[in-house]
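This report concerns only the one structure given below.
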Amino acid sequence: MYSKIVQTAFGPANFWRDPYNLDIYLEHCVTLPVLDNLKNYSEQRKSNFMSVDKMVLFGSSKDGAISPWQSAWFGTWAEDDENTLKMEERDVYVQDTFGLKTMNEQGRIIRIDSEMNHFGYYKKEEFIKKVVGPWLVM
C-alpha cells in the first residue's frame, strides 16, 4: 500500500492510515500525513485549512464504501483496528496540528448523518436540494 508505485498510481492509497503500521504510514504515505500536518509541518497549511468559514461533513453508518465510515467526520481506526476513534479523540485533533480542534471549538464544523449509502448521494435529488443546497448558498 505504501510502496512508491502504489502511492503514485492508486489515489485511494494516499488516504489509507494503516493502524498496524503507523510508522510506515507516516514515512511513506505521500498525502494524508501531509494534510494532517504530521509530515513537513507548515503553519501556512494550518492557516489555509482554517480559512474555511464552515466545513460541512456528510457521513453515514450505512456508507458501505468508506472504512471506517466515521472517517467522513475525521474519525479513524484505533491502533487495534477493531475500534474507532472519534475526531475529538485523535492526536491530530488534540494537538490541533492543522486547525481541526480550533474550527470545531468555534462551531465551524457541521456533521450531518445522511443515513444513506456511499453511492446514494447523487441519486437523491431531494437530499441535495434540502440538505446540501442550503450550505452551498451561504
Count of segment 128-138 residues which are without any contact (Cβ under 8 Å) to a residue 60 or more places away in the chain and exposed (fewer than 10 other Cβ atoms within 10 Å of the Cβ): 2
Top-ranked residue of segment 1-44 - restricted to ones that are out of contact with any Lys or Arg (no Cβ under 7 Å at 6 or more places or on another chain) and aromatic (Phe, Trp, Tyr), ranked as nearest to residue 68 (Cα to Cα): 16
Given the criteria farther than 19 Å from residue 12 by Cβ and at pLDDT 95 or above, does residue 110 qualify? yes
Pull out all pairs, ordered by first then second residue, where Cβ-Cβ is under 9 Å, the residues are six or more apart or on different chains, the first lies in segment 112-127 and is exposed (fewer than 10 other Cβ atoms within 10 Å of the Cβ), and the second is not acidic (Asp, Glu). 122/128
Kindly indicate whether any position in segment 117-128 is of a type in the set (Asp, Glu) and within 30 Å of residue 43 (Cβ to Cβ). no
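Residues checked against (1) under 25 Å from residue 4 (Cα atoms); (2) in contact with a strand residue (DSSP E or B) (Cβ under 8 Å, 6 or more places away or on another chain); (3) hydrophobic (A, V, I, L, M, F, W, C):
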site	(1), (2), (3)
23	yes, no, no
48	no, no, no
57	no, yes, yes
84	no, yes, no
90	no, yes, no
105	no, no, no
115	no, no, no
125	no, no, no
Please tell me if residue 127 is over 27 Å from residue 34 (Cβ atoms) and among the aromatic types (Phe, Trp, Tyr). yes
How about segment 1-28: which of its residues are among the hydrophobic types (A, V, I, L, M, F, W, C) and within 15 Å of the chain's Cα centre (by Cα)? 13, 15, 16
Output for segment 48-98, where each listed residue is buried (at least 17 other Cβ atoms within 10 Å of the Cβ), small (Gly, Ala, Ser) and either closer than 22 Å to residue 134 by Cβ or over 13 Å from the mean Cα position of the chain (by Cα) (or both): 59, 60, 72
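The values are calculated or read from the model by the stated rules, or taken from the named source; none is laboratory data. Everything numeric here is computed off the predicted structure, so don't read it as measured data. Cβ atoms come from the backbone with ideal geometry, glycine included; neighbour counts cover every protein chain shown.
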